[in-house]
Amino acid sequence: MASLITCPHCGRRPKEEFSIRGDAVPERPEAAASEEAWHAYVYLRENPRGAIREYWHHVAGCRRWLVVERDNLTHEVFAVTDAREAATGDAA
Amino acid sequence: MTSSRIANVGLVDHSRVVKFSFDGRTYKGFEGDTLASALLANDQMLMGRSFKYHRPRGPVTAGPSEPNALVTIGKDARTEPNTRATVAELYSGLVARSQNAWPSLNFDIGSINGALSPMLGAGFYYKTFMWPAAFWEKVYEPVIRRAAGLGKAVMEADPDRYEKSWAHCDLLVVGSGPAGLMAALTAGRAGLRVILAEQDFRLGGSLLSETAMIGGVSAPDFAAATIAELADMPNVTIMPRTTVFGWYDDMVFGAVEKVQKHLAVPSADKPVERLWRIAAGRAILASGAEERPLVFGGNDRPGIMTADATRTYLNRYGVATGRKVAVFTNGGSGYRTAADLSARGVNIAAIIDSRAASADFAPYGVRVIRSGSIVDTKGGKRLSGIMTNRFGYDEMIDCDALAMSGGWSPIVHLMCQRGARPVWSDEAQAFLVPDVGPLFAAAGSAAGHATVSECLRDGAVKAHAAVEAVGRLVGHVNTPEVEGEYDPSFAPLWYVPGARSKAFVDFQNDVHVDDLALATREGFGHVEHAKRYTTSGMATDQGKLGNVNAVALLAGMRGVSPAEVGTTTYRPFYTPVSFGALAGTARAEQSRPIRTSPLHGWAKKNGATFLESGLWYRSAYFVQGEEKTWRESVDREVLNVRQNAGLCDVSTLGKIEIFGRDAAEFLNRVYSNAFLKLPVGKARYGLMLREDGIVFDDGTTSRLSENHYVLTTTTAYAAEVMAHLEFASQTFWPDLDVCFVSTSDQWAQMSLAGPKSRAILQKLVEDDLSDASFPFLAAREVQLKGGLIARLFRISFSGELAYELAVPAGYGEAVADAIMEAGRGEGICAYGVEALDVLRIEKGHVTHSELDGRTTADDVGLSKMMSKNKPDFIGKRLSTRYGLTAADRLQMVGLKPVELDKPLKAGAALLREGVEPSMTAGQGFVSSACFSPHVGQWIGLAMLKSGRERIGEKILVWDAVRSSEFLAEVCAPVFVDPENLNLHV
Amino acid sequence: MSIPFTHRHILEDRMSGYEPSPNANHLTVLRRPVIFSALAHAGHEASVAEALSLVENIVVRSVSPSDWLLVSQNAEAGAIAASLGAVPGLSFAEQSDGQVLMAVSGPDVRKILAKCVAVDLHADAFAEGESAPMMICRVAGNLARTGTDTFEILVPRSYAGYVFDELREAGREYAMTRGFGE
Ligand SMILES: [Zn+2]
């Protein structure tokens, strides 16, 4: 029927407002990185049970990309952060 | 008469007669009746036939867990099968029919199944009908479907409306019995936003059939007063006729409200059912407890029902279920029922108590058989006697109804729908609710409490906790005194030994004790296996009544505790929910959003036939004069564009405005070709790749000013490209100064193509459109005559001299009309996406038919779009890997059938000439095909292994779906103006 | 040759023949509001938000921390564009024809909108003056509370017909009327 995700900008919203891209753990390699690194980035995914980090796009809301940390077993959501803030935060 | 109405008893309105019909006969009931209570008042105990054996059945409950009394209600398209008569609210003009009986309920040929029952034991589907395989579809299934089954759906479309709605509250209370009412009252007085949901049409739950006094008034009066107070609170929403059927993530509950199911002709202005999604801060489950049937020989005859049901029919509906009622009990409930019946003047045949001794009192003069049991029953369409047994001695006792009580099971389903399992309690001899955290608590008998006073208190206590948790002050709520309660305790009795006939566990699925025994013997004793093997707990009631007995019986057979057997998995929905409610308004045309182009009206008045394309309706072609087939229209449009001019709606293309100092750098990184040096006032074709090196989308991007671009996408990928750009900007390169917004809906965009397009357009545009001042790929704002500012792009998909003109959407139709008017003398025509497709195939321009998620830029002949100089762009690194650069990849070529009359169809496979057709011998496929009026035959674009070096080769085109096979010549994928001379005139 | 182009509202066809006098619950389609998308460049979010609050004759609708929709019923697009052009770190695009503005009002407005949006519209949760982007009748739009019993909806033009039809169905139970308004 529904799940509710708390967008840091928009508040509690049903999951139908979002689209899920998938794993937020792999980071885009440098252009010159090895083919193996690129292959791993594009194709290889861990498939953990429990806590995961995913990219969610709030398409019917603020249109921001979010990083959702949640448990894929219990569906508990631990944190939702703006992906840009996560990206610039990592860079800083 | 055996079962009958007692004058002026109960909560039905004896002054308001309601006429209804059952199996063609007219009956009278009262307002406040259910169909079941009204039928019983008319001495109609027989209400259905069982699923497998077609045994006569009457109601065994007075509520939503009813397994037997399933009927079809309504007429014509409003026919609804498998409705529980025990919860169906009676209304004037209700038409009900029995199910699963042929030729009639009273005389059913299928009951012969009973004689064949040894063949129909547990697992019979798996054993009996295994082979020959062909027999399953042709013989077994049709026969079984006719013989076994429930009601039939009608084929007509449902004429009624349904809808969905959201609700939000601090506290959701599920159930309005003593616990639910006290919980709602406590939270309501404290100011919480409360929703009180009750599946019944009348609030009060068990209080409606309770004879104890509460706070000095009758239980129904206490309920009425409490509900009246709640109804006056603006922060409390009372939802009758609303079943909370599911508990989902993040405290969202699903509920279905029967808005107008109790009306013969529903108002067209309201839905008949409404699906609620209730987002609750907290919730209290006050769903009560279910009385368990006893499992004894012949326990399914009409007239045998739970003691609780007997009491409900008596006290709430004023219906005595028999004239001489026997009671079979393992606890206090049977005595209470006997007392209530006796007080209303109903004879008690005997109380058969499985216990040797108890403190319960039988009504004066009623015989009690202690340590007694029932081993068989007799009677056809209604019970006529019971065979009791005490220490081995049989005694036949005449009676016309039996009230049975096997103890109580809390109704825990809702709390167990998200993975937690109910917990067995030896003390309560029942499965209790699991601990699911602080947000969702059970109260009252759902939480294992037994007496009315305990339930009232527990409701208040649980609500108190919820109020404190949200930081509100608890108002003062007194738990009222209860007088005249009984002791509901019981001694476990899962199976009554010595059965002389079938002892049913699951009435709806005709599962009896021997079936469970067989399942256990054959290795299907695990509770989930036993369910599938015997069908116990399946179908519409999902074993609400029988599951706990089945679990305990399996435990007994396996010699373990019910705790070890456990229950099957509880899932939504608690009770069946109609597809109509789940669909809501999303039916037919409204099933998903429809997008309308700003030029829709223009296309319509020019005779367009529309084509669904994603969420859009696009103009496909424009029929003129005597044209009979779509091909005639499309051929004319194509030729006319190449000869004169045509106007086409391209408003559906995605349009994204891009701003920022780093916009050029950003575009350079998302496109595979170079964008840094695109001059202001120019458009450029761009190709986007996915990170794996495969083409993602294409389109043109124009630089309108130094730091302002407008990017176009294909219609199909508009949303994906926008999301892709946002992702790249927000996560890859947050340091780039770039921002963007979709303006797809702001602009009506039209393509004016053909050699005469400039002459036509110049009549409307103030700016000079000569080739010198507005050359190929020019892109800038222009002023239309009259002052309207528009965007003009000199780009071409057809290969002809062409422009795309964008005007604010509201002006689209007027501007398109003006262009048609201006072009009338030049022979302008409207053309649709079919002609557009022909024009681009003739030119060898790709669409997503070629860019199908598997092709590289080189595959489609666009290797020049792959910049060698840029340090990075999305898809660069993996585009050069082995596999994407292999020489035998499928490459785009043109195709022309050798014989001029052969129609080429997209999807056909390509094979070497002379090869036996097979998919393994495939060399590629036709990606796009059309009849080219310019070439004079069918032509196509195809993806062919090493295609570019095979120009001139004859190749076999094999279309297995349409059974055609012919030769075609491989050619360059350009059929018109290969030197692009027409573009630059 | 000068051509006076006629402007046409996308809901024109749907509105003909409707009730001349509004009921208590009413859906107003605003005919020609001026609407802009405003985008703050990175690092300018706060200053742009501040500047927008000072622009005259517009109301600001929240979309994201760096993205707004500006609505005006009484100013020329050119004048607003001029004001916006003066704000450092702000880019903007006109959306007057790209967005359709509708107002729903009346005593049952929350019950009607509960069928359209998943967001809690209780005054404690969504107060007067608040606005937010959200799914409205399955379409990404923007909702604002402009009064105790009045809400305004912005949806992309191409979806407006669908949303209008859904709203009409949602309001049927409460005898909601509809008409154009200025
Ligand atoms: Zn958001």
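A compact table of results
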| item | result |
| --- | --- |
| Residues B:Glu637, A:Glu76 arranged by fewest to most Cβ contacts within 10 Å | A:Glu76, B:Glu637 |
| Order by protection proxy (mean Cβ within 10 Å, highest first), peptides B:447-456, B:969-978 | B:447-456, B:969-978 |
| Nearest-0.05 FRET efficiency for A:Ser3 and C:His122, computed from C-beta distance (R0 22 Å) | 0.55 |
| Degrees, to the nearest 10: B:178-189 long Cα axis against longest axis of chain B | 60 |
| Paramagnetic reach from A:Glu30 (point 7 Å along Cα→Cβ, amide N under 20 Å) across region B:667-707 | B:669 |
| Isolated Cys in chain A, by beta carbon distance under 4.7 Å | A:Cys62 |
| Cα-centred dipole magnitude for region A:4-88, charges only on beta-carbon of K, R (+1) and D, E (-1), debye, nearest 20 | 400 |
| Over chain B: helical MRE at 222 nm, DSSP H runs n ≥ 4 each giving -39500 (n - 2.57), nearest 500 | -5500 deg cm²/dmol |
| All lysines inside 24 Å of B:Lys258 as judged from Cα atoms, apart from same-chain residues fewer than 8 positions distant | B:Lys19, B:Lys28, B:Lys75, B:Lys152, B:Lys164, B:Lys270, B:Lys544, C:Lys111, C:Lys115 |
| Sites matching trypsin sites (Lys or Arg not before Pro) across region A:1-73 that sit in DSSP coil, with at most 14 neighbouring C-beta atoms within 10 Å | A:Arg45, A:Arg49 |
| FRET efficiency, 1/(1 + (r/R0)^6) with R0 22 Å, evaluated for B:Val623 and C:Arg14 via beta carbons | 0.30 |
| Residue mean of other protein chain beta carbons inside 10 Å, B:652-662 | 2 |
| Cut-off 15 Å, label 7 Å out along Cα→Cβ of C:Ser53, residues of region C:124-141 by amide N | C:129-131 |
| Simple spin-label estimate for B:Ser92 and C:Phe180 in nanometres, 7 Å along Cα-Cβ | 4.6 |
| Coordinate range along principal axes, alpha carbons of chain B, Å, largest first | 115, 70, 56 |
| Label zone at B:Phe107, where the point sits 7 Å out along the Cα-to-Cβ direction: region B:379-409 residues whose backbone N lies under 19 Å | B:380-382 |
| Highest average packing first - C:83-89, B:548-554, Cβ atoms within 10 Å | B:548-554, C:83-89 |
| Cβ neighbours within 10 Å from other chains - mean over B:782-791 | 2 |
| Stretchable slack from B:Glu766 to B:Ala359, in nm (0.36 nm times residue separation minus alpha-carbon distance) | 136.1 nm |
| Average other protein chain Cβ within 10 Å of Cβ, residues A:38-49 | 2 |
| Pairwise label distance in nanometres, B:Asp977 with B:Leu676, each label 7 Å out on the Cα-Cβ vector | 3.4 |
| Folded to 0 to 90 degrees: helix B:630-643 orientation relative to chain B principal axis, Cα | 30 |
| Added length on full extension, which subtracts the Cα-Cα distance from 0.36 nm per residue, B:Asp249 to B:Val898 | 227.5 nm |
| Convex hull per residue volume in Å³, alpha carbons only, for the protein assembly as shown | 209 |
| 0 to 90° range, to nearest 10: angle between helix B:547-558 axis and chain B longest Cα axis | 80 |
| Exposure proxy ranking, count of Cβ atoms within 10 Å, fewest first, for B:Lys655, B:Lys605 | B:Lys605, B:Lys655 |
| FRET E, pair B:Met396, B:Ala420, Förster distance 56 Å, beta-carbon r, rounded to 0.05 | 0.75 |
| Pair B:Ala77, A:Leu44: separation of 7 Å Cα→Cβ label points (nm) | 5.9 |
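Every read-out reported here was derived from the displayed coordinates using simple, explicitly stated rules and does not represent laboratory data. Bear in mind the structure is a predicted one, so any value in this text is a computation, not a measurement. Methodologically, a virtual Cβ is constructed for each residue, glycine included, from the backbone with ideal geometry; neighbour enumeration extends over all protein chains shown.
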